[in-house]
Amino acid sequence: MDGAARVLAAVRRPFVVVGLLVARSYGSLNSRVATIVAVATALATVVTSVVTIGVIGGSASAATAPARPADPCGAAWVTAWQTSPQSGDAGAQLAGRTLRMIATPQVTGSELRVRLSNRYGRIPLVVSAVSAAGVDSGAGLVPGTSRPVYFGGSQGVTIAPGQDVASDPVSFVAEEGRPLAVSMFLPSAPDRVATHPVAMRTSYVSEPGAGVGAVDATEATAFTTQVASWFVLSGVDVLAPRAENAVVLMGDSITDGVGSDLDRDDRWSDALAARLAGSGGLQMSVLNAGISANQLIGGTPSQVGDTPEARFDRDVRGATGVRDVVLHIGTNDLAAGRSADEIVAAMTAFADRARTAGLRVFLTTITPSATGTHGTPRAVAGREAVNAWVRSQGAAHADGVFDFAAAVSDPADPTRLSAAYDSGDGLHLSPAGYRAMAAAVPVQALTGSPCLAESDAARIAVSDR
C-alpha cells in the first residue's frame, strides 16, 4: 500500500494531505473543510493503529499504553487532555440528559480516543451514545464535524463500578488548542458521578427529554444548562503523526487554576504549554492533574479528592506518553496543621514512586500566602522550612526543582504574593502570576519530545475531498 493509501486507511475518510502548515482554525461556519496543525514525517511513514477498549479497575493503572511502533518516531498515541475526577453527588440531576463536555487538546492528530470514568460509582454507569465534534460557539458544534464514538464496536458502554474505559479510535481531526465537544447521553442516574468541579471551562447539560439525538445536535438549543464542571469525561488521547511526550502537573487549586479566567485557558499549565508549543524537541503535551483543596498527605477534614499518592496510577501512569511529572502541592497541608517534616517525607516518597515507575520528577517550592490558616505563623514557618529543603536538597531526590515561591513572592515580604500576581485572595494567583510560574520552569530540563526535533517544522493540512 502506498503512502497516500495509508493516509486514507488511517482516517477512514477521504482525507488528503496537501502540504506543510502552522496552526489554522476551522473554516467558515458552513465550510466543509477542516484544516489542522500537525507535525509529520514523510507520507510513507503514516501508520495506522487499532486499539481495543481499555478498562481500568480499582487500583490498576489506566488502560495500558499501546507500544510504540517499530519506528520510534512514527505515529503514536499520547494523552492530549485529561482531568482529575473526584466523587460528586450530582448524578440524579443528570438522568435522561446529554452532557456536552468541552475540552481543549494539547496535541494535533487524525484520530482520538475518549476516556470515561465511573471510578467512584457503586453501581454500573450506562452511557447510551457518545460523539466527538468541533466546537463552534457555546454549546454549538461546527457543522459536519460530529463523529460517533464506539466502545468495543458498540455505540454505548456500561462502565462497571470503580472503573474507567477508553473508546475505540475515532477518525477525527483534533487540533492543538482548538476546543472539542464530547457529548454523551445518560439514560439513568449515576449514584456517584466522577466530576471535576473547578474546570475553569464552561460545559453544557441538555434539558430533560432531549433524548439520545441531542448527542449529535449541531445547534445549542437543547443545552439550556451551563456548568463549570466536567462530568464523566476524564481524558482524550490523540494519534499524533510523530511521537510526542507528555508531562503531568500534579497539584492543588493553584494547579487547578483558581484565580484564572473562565474559558480563557490561562492557568499555569496553559502558560507552560504555550511556552513549549512550536519549540520542536521541547514541545510536550501538558496535562493538568490539579484538584482544588487537595492535600499531599490528606487524612484531615479539609482534604478534597484523592491524594497524589492515591491517584498516581490513574492520573500519572495512566496518561499515555507521559515521561515527566511536576509536583506542586503542600499549602493545604500546612493550613491543616501538617509539619514541614511530614510534607518533606511525602514529597520524597512521591518522587521515589515516580522514579520507580520510570518517570522523571520535578519538585517545587510552595507559593506564599498570608491568608487565613495558610498564613498563620506556624504555616509560614513550615512553608519556609519545606522551601529551604526543596532548594537545598530537593535535587538529590528528583530530576530538578522549580522555585515557584521566588518567582511570585513580594520582594519586600517573601511571605506574601506579589501584588502583581495576586488574584485578590492572597492565596491564588492571577493569570499574570500563573505566567510567572510557568516562566520559572527551565524547559530544557524537561524530557521534551525528541522526535519533533528530527525534522524541520512541518505543516500538514488535512481536508475533505
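The values are calculated or read from the model by the stated rules, or taken from the named source; none is laboratory data. All of these numbers come straight from a predicted model, not from anything done at the bench. Because the Cβ atoms are built from the backbone with ideal geometry, glycine has one as well, and the counts that use them run over all protein chains shown.
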Requested in this report: Please work out if Leu276 is at negative phi, in contact with a Phe, Trp or Tyr (Cβ under 8 Å, 6 or more places away or on another chain) and aliphatic (A, V, I, L, M).
Outcome: no
Query raised in the report: Scanning for something part of a strand (DSSP E or B), in contact with a Leu (Cβ under 7 Å, 6 or more places away or on another chain), modelled with pLDDT of 95 or more and not assigned by TED's automatic domain parsing to the domain that holds Leu363, does the range 204-225 turn up at least one residue?
Result: yes
Query raised in the report: Quick check: is even one residue across the range 134-150 among the aromatic types (Phe, Trp, Tyr), in contact (Cβ under 8 Å) with a residue 40 or more places away in the chain and not in a strand (DSSP E or B)?
Result: no
Query - Residues of the range 368-420 satisfying the condition of being within 16 Å of Ala432 (Cα to Cα), of a type in the set (Gly, Ala, Ser) and touching a helix residue (DSSP H, G or I) at 6+ places or on another chain (Cβ under 8 Å) - result: Ala405, Ala407, Ser418, Ala420
Query raised in the report: Quick one: in the range 184-214, which of the residues that are among the polar types (S, T, N, Q) and surrounded by 19 or more Cβ atoms within 10 Å (Cβ to Cβ) is nearest to Gly138 (Cα to Cα)?
Result: Ser203
Query raised in the report: Within the range 216-238, is there a residue that is in contact with a His (Cβ under 9 Å, 6 or more places away or on another chain), in contact (Cβ under 8 Å) with a residue 24 or more places away in the chain, farther than 19 Å from Leu186 by Cα and not β-branched (Val, Ile, Thr)?
Result: no
Query raised in the report: helices (runs of 4 or more DSSP H) wholly in the range 235-349 with at least 3 residues that are of a type in the set (A, V, I, L, M, F, W, C) and crowded, with 23+ Cβ neighbours inside 10 Å - which ones?
Result: 268-276
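Please work out if Gly426 is in contact with a strand residue (DSSP E or B) (Cβ under 8 Å, 6 or more places away or on another chain) and either within 22 Å of Ile291 (Cα to Cα) or at pLDDT below 95 (or both).
For Gly426, the condition - in contact with a strand residue (DSSP E or B) (Cβ under 8 Å, 6 or more places away or on another chain) and either within 22 Å of Ile291 (Cα to Cα) or at pLDDT below 95 (or both) - is met.
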Query raised in the report: Out of Ala92, Ala129, Ala133, Ala139, which single residue is among the small types (Gly, Ala, Ser) and either under 24 Å from Val322 (Cα atoms) or surrounded by fewer than 18 Cβ atoms within 10 Å (Cβ to Cβ) (or both)?
Result: Ala92
Query raised in the report: Among the listed residues Ser154, Ser131, which satisfies the condition of being closer than 15 Å to Leu180 by Cβ, hydroxyl-bearing (Ser, Thr, Tyr) and at pLDDT 95 or above?
Result: Ser131
Query raised in the report: So which of Ala405, Ala381 ends up being within 30 Å of the chain's Cα centre (by Cα) and modelled with pLDDT of 95 or more?
Result: Ala405
Query - When residues of the range 120-169 are limited to those that are out of contact with any strand residue (DSSP E or B) (no Cβ under 6 Å at 6 or more places or on another chain) and aliphatic (A, V, I, L, M), the one nearest to Arg97 (Cα to Cα) - result: Ile123
Report task. For the range 122-140, state whether one or more residues are over 19 Å from the mean Cα position of the chain (by Cα), assigned by TED's automatic domain parsing to the domain that holds Thr83 and on the phi > 0 side of the Ramachandran plot. Result -> yes
Requested in this report: Test Ser423 against the stated conditions and say whether it is in contact (Cβ under 8 Å) with a residue 60 or more places away in the chain, assigned by TED's automatic domain parsing to the domain that holds Ile291 and in contact with a Gly (Cβ under 8 Å, 6 or more places away or on another chain).
Outcome: yes
Query - Residues located in the range 151-203, provided they are part of a strand (DSSP E or B), in contact with an Asp or Glu (Cβ under 7 Å, 6 or more places away or on another chain) and of a type in the set (Ser, Thr, Tyr) - result: Ser171
